[in-house]
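A short write-up of the structure that comes next.
The values are calculated or read from the model by the stated rules, or taken from the named source; none is laboratory data. Note that the structure is predicted; figures quoted are calculated from it, not measured. Neighbour counts are summed over all protein chains in view; Cβ atoms, including those assigned to glycine, are modelled from backbone coordinates with ideal geometry. What goes into the accessible areas is simple: the full protein's heavy atoms, side chains included, and nothing from ligands, DNA or RNA. Shrake-Rupley method; radii C 1.70, N 1.55, O 1.52, S 1.80 Å.
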Amino acid sequence: MTAFVTAILSRDHDRNGFHSGVEALDRYLREFAFQDIKRRVAGCFVALDDAGEIAGFYTLAATSVPLNLLPPAAAKKLPRYPVLPAMLIGRLAIATKRQGRGLGRALIADAIIRTESFRIGAYALIVDAKDERARAFYAANGFASIPAEARRMFLPMATALQLIESV
Ligand SMILES: CC(C)(COP(=O)(O)OP(=O)(O)OC[C@H]1O[C@@H](n2cnc3c(N)ncnc32)[C@H](O)[C@@H]1OP(=O)(O)O)[C@@H](O)C(=O)NCCC(=O)NCCS
């Protein structure tokens with residue numbers, strides 16, 4: 001089995017060879033990821049295979065979620081702040097040849113561990129599912145819909161940490 005390591009995106013990584021089947025995501029990695037890093041609007045992390053090729057990537061950025069948009073069962077356990085801090089996985093993509101083998105799930109676990117390691121306030125991970133396939137993938141990985149938001153889904157960090165500890 002191929003072993004992967006994750007790392008902060010660097011200019012040494014070959015971004016041109018990355019193909020996920022979604023051109024907008026490939027283009028983001030090639031052309032915009034470093035701009036976002038430079039402007040401090042996203043961090044970008046890559047999974048590298050044993051040859052050093054990019055097998056997948058994701059981005060993280062600080063975000064917030066209004067308390068009153070959360071399902072009542074989740075909201076009732078939280079302080080009455082109008083908005084809660086959260087961490088946005090803005091983009092996530094796996095190379096076509098590596099899809100369907102657990103790497104997408106592993107990168108979500110990496111995002112959970114990385115967020116925890118920052119020791120900052122982040123009540124939940126947030127994603128925007130771009131289509132039904134992405135929604136099904138995130139639902140299979142523990143994310144629930146935010147009722148009033150068309151695409152936005154959330155996974156409380158406390159639940160996320162329990163999920164990865166149980167694997
Ligand atoms: C969506 C994507 C990130 C999933 O990554 P992956 O490595 O192929 O997925 P994994 O193998 O880690 O799957 C993990 C779990 O999610 C499930 N899953 C994966 N894709 C799914 C889908 N389309 N529908 C339902 N479940 C799905 C798997 O069955 C697996 O669950 P299981 O272990 O219970 O069987 C990847 O296919 C991809 O990069 N697609 C193109 C870009 C994209 O759509 N990104 C989403 C951005 S919103």
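Brief remarks follow.
- Residues within the stretch 99-125 that are within 25 Å of residue 64 (Cβ to Cβ) and assigned to a loop (DSSP other than H, G, I, E, B), tallied: 5
- Annotation: of all residues in the stretch 85-101 being aliphatic (A, V, I, L, M) and out of contact with any Gly (no Cβ under 8 Å at 6 or more places or on another chain), the one that is nearest to the ligand (Cβ to nearest atom) is 89.
- Some residue of the stretch 120-128 being more than 14 Å from the ligand (Cβ to nearest atom), under 23 Å from residue 36 (Cβ atoms) and charged (D, E, K, R): no
- Cβ pairs under 6 Å, 6+ apart, first in the stretch 126-137 and part of a helix (DSSP H, G or I), second open to solvent by less than 60 Å² (accessible area, probe 1.4 Å): 135/129
- Among the residues of the stretch 25-69, those that are among the hydroxyl-bearing types (Ser, Thr, Tyr) and under 13 Å from the mean Cα position of the chain (by Cα) comprise 58, 59, 63.
- Pick from the stretch 153-167, criterion assigned to a strand (DSSP E or B) and without any contact (Cβ under 8 Å) to a residue 60 or more places away in the chain, ranking: nearest to residue 73 (Cα to Cα): 155
- Pair list, Cβ < 6 Å and 6+ apart or interchain, from the stretch 60-86 residues that are of a type in the set (Val, Ile, Thr) to residues that are assigned to a strand (DSSP E or B): 63/86; 63/88; 63/126; 65/84; 65/86; 83/64; 83/66
- Here 11, 40, 15, 30 are screened, and the one residue that is farther than 13 Å from residue 92 by Cβ and outside any loop (DSSP other than H, G, I, E, B) is 30.
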